[in-house]
């Protein structure tokens with residue numbers, strides 16, 4: 001049996017907490033006001049726009065998450081030994097979209113060869129063609145030679161450094177562009193990508 005609660009015009013349906021304050025209010029126009037947080041059971045979520053399919057669903061492990069991650073430097077040829085003075089990053093994940101910021105400063109670098117990659121991403125990148133992403137750099141210092149344009153691209157599980165002027169093809173930084181002296185290489189960057 002369905003029970004109906006219909007407040008008078010201009011009034012509202014109110015559920016109070018133990019102190020007598022409004023905890024949940026339903027206005028006559030259908031708006032719902034909550035005084036506290038909403039807690040959903042594991043695996044539960046919210047459907048938007050009246051939808052009932054996964055395209056309208058935000059919930060479970062795909063809902064929302066904030067956290068930190070530690071970017072690391074990886075050489076394409078392997079054999080690198082990198083000691084960081086600092087390497088910190090933060091991410092926000094909404095659905096399957098991951099937004100990352102990070103920065104690092106190296107204390108020393110030994111070995112390594114090939115291209116320069118940033119690893120340690122907080123989530124695995126999706127392997128579909130639409131997941132490829134580019135990023136921007138707010139600071140890049142210590143690298144030998146300063147390009148006129150600094151960018152990067154997500155390549156499989158890594159973020160790859162690249163450069164090129166306007167109208168020029170993107171070229172990738174080589175491990176030899178990194179300096180090995182103390183506190184010499186540092187960068188701040190931001191990028192987004194699609195996860196599985």
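The values are calculated or read from the model by the stated rules, or taken from the named source; none is laboratory data. No experiment lies behind these values; they were computed from the predicted model shown. Positions of Cβ are generated from backbone atoms using ideal geometry, with glycine treated the same way; all protein chains shown enter the neighbour counts.
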Q: Mind counting the residues in segment 1-57 that are within 24 Å of the chain's Cα centre (by Cα) and closer than 21 Å to residue 96 by Cβ?
A: 12
Q. Is one or more of the residues making up segment 121-132 closer than 23 Å to residue 180 by Cβ and either surrounded by fewer than 19 Cβ atoms within 10 Å (Cβ to Cβ) or at pLDDT 90 or above (or both)?
A. no
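To keep it simple, each residue is scored yes or no on (1) in a loop (DSSP other than H, G, I, E, B); (2) at pLDDT 80 or above.
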{"site": "165", "(1), (2)": "yes, no"}
{"site": "169", "(1), (2)": "yes, no"}
{"site": "180", "(1), (2)": "yes, yes"}
{"site": "187", "(1), (2)": "no, yes"}
{"site": "193", "(1), (2)": "no, yes"}
(Q) Suppose we filter 68, 113, 21 for residues that are surrounded by fewer than 14 Cβ atoms within 10 Å (Cβ to Cβ) and touching a helix residue (DSSP H, G or I) at 6+ places or on another chain (Cβ under 6 Å); which single one remains? (A) 113
Q: Only one of these is touching a residue at least 60 places away in the same chain (Cβ under 8 Å), farther than 21 Å from residue 154 by Cα and assigned by TED's automatic domain parsing to the domain that holds residue 159: 108, 75. Name it.
A: 108
